[in-house]
Amino acid sequence: MKRALLVVFILFFLVAVAIAGWYAVHTRQIEAELQQYKAWSGARRPVKVTFEVQPCPGTPSDQPLWISGNAPEMGGWDGAGVALTRGQDGKYRGSIEVLSGIEYSYKVTRGSWSTVERGPQGQEIPNRTLMVEQDTTIPITIATWVDGGKSIPGLHTLSGTIREHRKFRSELLNNERTIMVYLPPGYEQSPDLRYPVLYMHDGQNLFDAATSFAGIEWKVDEAAQELIAQQRIEPLIIVGIYNSEQRSSEFTPPPPDSTGGSESQRGLLYARFVIEEVKPFIDKTYRTRPDRRNTAIAGSSMGGMITLYIAKTFPGVFGQVAVLTPHLRVGQRDIVQELSAGDTQWIKATRFWIDMGDRGQSNYPGEDPMGDARALVQVLEDAGLRSGIDYQYTEIPGGEHNESAWQRRIDQVLLFLFAKAVQAPGASGAG
């Protein structure tokens with residue numbers, strides 16, 4: 001008995017010694033890390049950064065310039081972050097305080113992302129960066145603006161009832177953006193009614209000239225107001241999801257065999273953002289009909305490409321899809337071929353609007369946009385869809401690939417999707 005107690009005591013002692021040793025080592029590690037952090041943070045100090053911007057010819061003199069960047073001091077990527085003031089010499093200046101030794105990213109705008117700076121040939125440019133150790137003046141020369149200086153950021157053209165949800169947070173994408181929600185006439189006066197929903201990408205271009213690319217909006221709100229008043233379409237809710245600085249990667253479907261890093265998977269994360277974060281918020285906040293038959297999604301250009309990817313990847317969510325001059329290629333990738341691979345049940349149970357103009361030029365990634373669109377239509381027909389009933393395909397000779405062109409036919413898109421007599425195929429299944 002004494003021997004057993006001795007053995008237990010020895011084991012207990014050894015365990016206690018081990019725990020004490022681990023605790024001592026762990027405590028020293030924590031203390032070392034804390035000292036390291038204190039040394040790091042202690043080396044950081046507030047410094048003043050003054051931006052001095054020389055605008056390009058054609059910049060409207062009555063419009064202020066703004067710095068928009070990734071830090072709260074720069075607006076957290078808000079299109080109007082830090083206001084700059086125009087001096088008598090024509091240069092714009094403004095100052096902020098940042099921490100020394102930290103790299104920040106930013107760009108110059110005229111108040112919205114639809115007026116952001118571009119390169120000498122109108123090309124998108126990388127984010128500007130700064131990391132300073134002392135008070136600094138940063139000279140910047142603007143080569144061109146994305147809109148050529150034509151937009152009027154303060155000119156609002158909203159129609160009807162539109163609610164704005166600024167800084168809507170995505171945990172999946174680790175960023176924020178604005179969500180615009182158009183509500184049909186009578187929404188507030190009819191608390192028992194629920195409505196179908198249309199989700200649209202590039203939300204800044206849909207309703208308001210103040211935020212739209214080159215100051216040209218789609219006039220989705222005006223078209224919906226008129227068609228509802230004429231009782232040609234059902235009253236509906238329209239959700240406009242702003243794009244972000246990562247638009248290209250967010251709107252690009254991941255390659256089918258992709259197992260790479262987060263950047264190649266960002267299209268999937270954006271799709272999940274729409275399904276898992278935006279749609280639940282809208283269904284909770286507004287009186288929607290959340291079922292598949294009453295839920296549609298639409299986009300143009302790269303927004304059309306990600307629309308098709310979302311519809312295939314999450315076939316139980318959207319019963320109707322509209323794509324206006326969609327990108328159907330990414331480099332050497334044939335997106336139509338990827339969409340038609342595997343099970344095509346998602347196609348059979350969905351209604352489609354597809355259109356394509358033949359003047360994609362530099363806005364389309366391939367040489368034959370019409371040929372790519374016809375290949376997509378062939379996929380629909382092979383799946384058994386009927387022209388004019390299950391899908392509508394429109395070719396637009398001379399049709400351009402821009403907001404003006406999409407504005408001219410958005411009423412036809414709404415009519416096809418939400419005309420009162422139309423029912424989606426396969427509405428009782430594939431949900």
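The values are calculated or read from the model by the stated rules, or taken from the named source; none is laboratory data. Treat the numbers as computed from the prediction; the structure is a model and nothing was measured. Glycine gets a Cβ as well: all are built from the backbone with ideal geometry, and neighbour counts include every protein chain shown.
The residue pairs whose first member lies in the range 194-211 and is closer than 12 Å to Asp283 by Cα and outside the structural domain of Thr115 (by TED's automatic domain parsing), whose second member is aromatic (Phe, Trp, Tyr) and at pLDDT 95 or above, and whose beta carbons are closer than 7 Å, counting only pairs six or more residues apart or on different chains, are Pro196/Phe418. Apart from one condition, Pro139 fits all of (1) crowded, with 18+ Cβ neighbours inside 10 Å; (2) over 24 Å from Arg247 (Cα atoms); the exception is (1). Within the range 167-194, the set of residues being part of a loop (DSSP other than H, G, I, E, B) and under 11 Å from the mean Cα position of the chain (by Cα) comprises just one member, Leu173. Across the range 83-116, the number of residues qualifying as under 19 Å from the mean Cα position of the chain (by Cα) and among the charged types (D, E, K, R) comes to 1. For the range 364-421, how many residues are under 23 Å from Leu236 (Cα atoms), among the polar types (S, T, N, Q) and touching a residue at least 60 places away in the same chain (Cβ under 8 Å)? Adding up the residues that qualify gives 1. Selection within the range 65-74: residues that are farther than 18 Å from Ser151 by Cα and under 18 Å from the mean Cα position of the chain (by Cα). The member of this set that is surrounded by the fewest Cβ atoms within 10 Å (Cβ to Cβ) is Asn70. Taking the range 195-233 as the range and being in a helix (DSSP H, G or I) and in contact with a Leu (Cβ under 9 Å, 6 or more places away or on another chain) as the test, the residues that pass are Gly215, Val220, Asp221, Ala223, Ala224, Leu227, Ile228.
On the stretch given as the range 359-373, residues that are more than 14 Å from Val323 (Cβ to Cβ) and out of contact with any strand residue (DSSP E or B) (no Cβ under 6 Å at 6 or more places or on another chain) total 6.
Listed by position, the strands (runs of 3 or more DSSP E) inside the range 85-160 whose residues that are over 25 Å from Thr211 (Cβ atoms) and either assigned by TED's automatic domain parsing to the domain that holds Ala209 or touching a Leu at 6+ places or on another chain (Cβ under 9 Å) (or both) number at least 2 are 92-99, 136-141. Specify the residue that is farthest from Gly119 (Cα to Cα); the eligible residues are those in the range 44-84 that are among the aliphatic types (A, V, I, L, M) and assigned to a loop (DSSP other than H, G, I, E, B). Result: Ala71.
Here Glu124 meets each of (1) closer than 30 Å to Leu417 by Cβ; (2) of a type in the set (D, E, K, R); (3) within 18 Å of the chain's Cα centre (by Cα) with one exception, condition (1). For the range 107-150, the tally of residues that are among the hydroxyl-bearing types (Ser, Thr, Tyr) and touching a Lys or Arg at 6+ places or on another chain (Cβ under 7 Å) stands at 1.
Restricting attention to the range 338-347 and to residues that are on the phi < 0 side of the Ramachandran plot and not β-branched (Val, Ile, Thr), the residue that is surrounded by the most Cβ atoms within 10 Å (Cβ to Cβ) turns out to be Leu339. A search for C-beta distances below 7 Å between a residue of the range 228-250 that is among the acidic types (Asp, Glu) and any residue that is assigned to a helix (DSSP H, G or I), counting only pairs 6+ apart in sequence or on different chains, returns Glu234/Phe418; Glu250/Arg266; Glu250/Gly267; Glu250/Tyr270. For the range 65-90, taking the residues that are at pLDDT below 90 and charged (D, E, K, R), the one that is nearest to Arg177 (Cα to Cα) is identified as Asp78.
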